[in-house]
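Worksheet for the structure shown next.
The values are calculated or read from the model by the stated rules, or taken from the named source; none is laboratory data. Given the structure is predicted, the values throughout are model-derived calculations rather than measurements. Cβ placement follows ideal geometry from the backbone for every residue including glycine, while neighbour counts extend to all protein chains displayed.
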Amino acid sequence: MIDFTLTDEQRMLRDLAHDFAVKDILPVVEHFDKSGEFPWPIIKKAQEIGLMNLNVPEAYGGPGVGVLEECIVAEELAWACSGIQTATMLNQLACLPIIIGGSEEQKMQYLGGWVMDKQKMPAYCVTEPGAGSDVAGIKTVAARRGEGDGVRGGRGKLLGMLCSHDHDPNPRSAGGRGRASGRERLTARGRS
């Protein structure tokens with residue numbers, strides 16, 4: 001029989017997340033729902049107390065918890081407000097490709113330096129004509145071709161990009177061309 005009893009560490013994490021939801025999220029839910037503002041004060045507090053980027057391994061400054069612990073925290077935060085919970089935890093999706101397939105240099109730079117030390121908010125974006133954000137429907141393929149990399153398939157305006165917001169409420173470049181500021185694209189260059 002499977003034992004669903006939480007460990008002491010899981011209970012502590014659940015209690016931390018629940019207390020945060022009660023004290024820091026619930027009192028401001030109506031404000032953020034009405035204003036449509038991004039909840040930066042809540043994000044900063046979640047970063048400070050260790051409720052963000054839970055999947056970043058300890059070797060890169062993160063807590064390195066598992067999926068169950070991520071779910072426990074997500075459930076507690078969503079109990080207070082699913083929108084704020086999404087804003088708080090969805091950036092973990094951007095970390096996952098780096099955790100799984102990034103070089104050691106990329107992991108140190110982006111997970112350790114960028115996400116954990118500088119507390120940037122990464123985002124993972126994927127789209128192409130005919131697939132939208134349905135990653136199962138994507139037909140574009142990146143492949144090595146001799147000395148360089150090649151891409152085969154229909155490309156949209158955005159395909160696998162890491163973005164950082166830098167706490168600017170209007171993340172657009174000068175000239176109003178609609179480009180996000182602080183963005184970087186990870187490629188497979190230099191990897192075996």
Inset, instruction - Answer yes or no: is there a residue in segment 35-53 that is surrounded by 14 or more Cβ atoms within 10 Å (Cβ to Cβ), on the phi > 0 side of the Ramachandran plot and not assigned by TED's automatic domain parsing to the domain that holds VAL135. - result: yes
Inset, instruction - Tell me, yes or no, whether segment 103-112 has at least one residue that is assigned to a loop (DSSP other than H, G, I, E, B), in contact with a Lys or Arg (Cβ under 6 Å, 6 or more places away or on another chain) and modelled with pLDDT of 90 or more. - result: yes
Inset, instruction - Please specify each residue of segment 1-27 satisfying the condition of being more than 19 Å from VAL65 (Cα to Cα) and either within 22 Å of the chain's Cα centre (by Cα) or in contact (Cβ under 8 Å) with a residue 40 or more places away in the chain (or both). - result: ALA21, VAL22, ASP24, ILE25, LEU26
Inset, instruction - Residue by residue through segment 62-113, note down the ones that are under 25 Å from LEU6 (Cβ atoms), surrounded by fewer than 19 Cβ atoms within 10 Å (Cβ to Cβ) and charged (D, E, K, R). - result: GLU70, GLU75
Legend entry - Residue check for ILE42: β-branched (Val, Ile, Thr) and in contact (Cβ under 8 Å) with a residue 24 or more places away in the chain: yes
